Amino acid sequence: MSIYQLKSRFQALLRPAVKRLHAGGVTANQVTSFACVVSVALGLWLYFAALPAAAFALIAVWMLLRMGLNAVDGMLAREHGQQTHLGAFLNELTDVVSDAALYLPFALVAPFSPFWVGTLIVLAGLSEFAGALGPTIGASRRYDGPLGKSDRAFVFGLLALYIATGAPLPAWTAWLMPVLAILTAWTIFNRTRRAIAEAPARQPATIFKD
């Protein structure tokens, strides 16, 4: 089960706004790029500026807005004829970059280990890579959980809200990042396994070599 499975209901709520954006000349690639720029700027600002804990509330708010923007760019592309080759690359690459930037400030929060936050950032990127590789073997783009992009956004959003209150995190939360890393590794395994199971038995894989 993943929050991603609720996507269709979320999209239905956003559809009227998407139609207005399209009528106003907004493109899917513009929305994708905007979301990435804000994510990177916010993450790096919180990491380098040594802001008070209350500033983490911005991450919680932005996580929710970013989920909406991610749905909007996809709807603009699919439902309004804006699918492009560039958009396909932007959709995958900017998600990985944005996640890395937004998770980075948590490395400064006790009792989290910078090592485990870094490990989670790497595994999160690999999980999206594993999902995107499905079409290269004739399968669909995989969004399997248990900890996909939307699930991670929900967890980090809640965590950011708690940090913003200024209350110290309990000692046991030191295990939270390792647990999230394990769940993300499990997600990679699930996406790989299910893509292979879905692919046609005799479909040759598309192999990329340097």
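Figures for the structure shown
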quantity	calculated
Given 11 as the ceiling on other Cβ atoms within 10 Å, longest exposed-site-free region of the chain for trypsin sites (Lys or Arg not before Pro) in DSSP loops	1-201
Pairwise FRET efficiency - THR173 versus LEU126, Cβ, R0 = 25 Å, nearest 0.05	0.55
Relative contact order of the chain, pairs being alpha-carbon contacts under 8 Å that are 6 or more residues apart, as %	28 percent
222 nm mean residue ellipticity, helices alone, for the chain (DSSP H n ≥ 4; -39,500 (n - 2.57); rounded to 500)	-22500 deg cm²/dmol
Cα shape, the chain, gyration tensor, a/c 1.5 rule	oblate
Whole-percent carbon and sulfur share, accessible surface of the chain, 1.4 Å	71 percent
Integer Hz, Karplus 6.51/-1.76/1.60 couplings in order for region 24-34, x for Gly and Pro	x, x, 6, 10, 4, 5, 5, 5, 4, 5, 4
Whole-Hz ³J(HN,Hα) from phi, Karplus 6.51 cos²θ - 1.76 cosθ + 1.60, for region 161-171, glycine and proline x	4, 5, 4, 5, 6, x, 6, x, 6, x, 4
Charge dipole magnitude, Cβ of K and R +1, D and E -1 - the chain, Cα centre, debye nearest 20	520 debye
Residue-normalised accessible area of region 61-124, expressed per residue, 1.4 Å probe, Å²	46 Å²
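The values are calculated or read from the model by the stated rules, or taken from the named source; none is laboratory data. Quick caveat, the model's predicted, so the values are computed rather than measured. Methodologically, a virtual Cβ is constructed for each residue, glycine included, from the backbone with ideal geometry; neighbour enumeration extends over all protein chains shown. For the accessible areas, the whole protein counts, side chains as well, though only heavy atoms, and no ligand, DNA or RNA atoms are used. Shrake-Rupley method; radii C 1.70, N 1.55, O 1.52, S 1.80 Å.
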